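Asks: There's a structure below that I have some questions on.
All of the numbers you see were taken from the coordinates with simple rules; none came from a lab. The model shown is predicted, which means the values in this text are computed figures rather than measured ones. Note that each Cβ is placed from the backbone with ideal geometry, even for glycine, and that neighbours are counted across all protein chains shown.
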Amino acid sequence: MRYIRVQWNHKFPDEPVEIFSELDDAGWEIRKIEVFPDGSLGSASRMETNGPTVLGDEPVPPLDEIAADQQFKPARISREEFEEIWSRRFTPITTN
């Protein structure tokens with residue numbers, strides 16, 4: 001497994017600004033959390049969905065491919081970091 005966070009710089013109020021994904025060895029999403037501009041969270045796994053979030057219908061590309069588009073800032077994260085955000089998937093994030 002590997003874990004990534006992708007920050008998405010845009011002005012669309014209904015699209016996530018940050019995406020956290022747990023990926024299998026082939027790049028398929030196992031679990032995902034999306035953070036929306038208003039601080040709300042969406043989540044998806046193979047067993048449940050919350051909000052508008054769904055798992056991707058194709059493997060996630062390598063981080064360098066994602067980073068080639070300047071609106072995205074991808075990074076690897078630890079399993080612990082992913083698990084921490086996953087545990088809060090039903091709680092809005094407060095933004096200042």
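Asks: When the residues of segment 81-96 are narrowed to those that are free of Cβ contacts under 8 Å to residues at least 24 places away in the same chain and over 19 Å from Gly27 (Cα atoms), which ends up surrounded by the most Cβ atoms within 10 Å (Cβ to Cβ)?
Replies: Just the residues of segment 81-96 that are free of Cβ contacts under 8 Å to residues at least 24 places away in the same chain, to begin with: 83-84, 87, 96.
Applying the additional criterion that residues be over 19 Å from Gly27 (Cα atoms) yields 84, 87, 96.
Values: Glu84: 12, Ser87: 9, Asn96: 3.
Here the answer is Glu84.
Asks: Considering segment 9-44 alone, what residues qualify as being of a type in the set (Asp, Glu) and under 8 Å from the mean Cα position of the chain (by Cα)? Reasoning before the result, please.
Replies: Our first condition is that a residue be of a type in the set (Asp, Glu); within segment 9-44, this holds for 14-15, 18, 22, 24-25, 29, 34, 38.
Answer for segment 9-44, where residues must be of a type in the set (Asp, Glu) and under 8 Å from the mean Cα position of the chain (by Cα): Glu18, Glu34.
Asks: Residue under question is Phe36, and the condition is that it be in contact with a helix residue (DSSP H, G or I) (Cβ under 6 Å, 6 or more places away or on another chain) and buried (at least 16 other Cβ atoms within 10 Å of the Cβ); does it hold?
Replies: Working: in contact with a helix residue (DSSP H, G or I) (Cβ under 6 Å, 6 or more places away or on another chain): no; buried (at least 16 other Cβ atoms within 10 Å of the Cβ): yes.
Here the answer is no, as Phe36 does not meet what is asked.
Asks: So is Asp25 loosely packed, with under 11 Cβ neighbours inside 10 Å, part of a loop (DSSP other than H, G, I, E, B) and without any contact (Cβ under 8 Å) to a residue 24 or more places away in the chain or not? Outline the logic, then answer.
Replies: On the way: loosely packed, with under 11 Cβ neighbours inside 10 Å: yes; part of a loop (DSSP other than H, G, I, E, B): yes; without any contact (Cβ under 8 Å) to a residue 24 or more places away in the chain: no.
Taking the combined requirement at face value, the residue does not satisfy it.
Asks: Further question: Do you know which residues across segment 6-21 are surrounded by fewer than 21 Cβ atoms within 10 Å (Cβ to Cβ), outside any loop (DSSP other than H, G, I, E, B) and touching a residue at least 24 places away in the same chain (Cβ under 8 Å)?
Replies: Matches in segment 6-21: Val6, Gln7, Trp8.
Asks: When segment 47-74 is examined, which residues are found to be loosely packed, with under 12 Cβ neighbours inside 10 Å and either in a helix (DSSP H, G or I) or touching a strand residue (DSSP E or B) at 6+ places or on another chain (Cβ under 7 Å) (or both)?
Replies: Result: Asp64, Glu65, Gln71.
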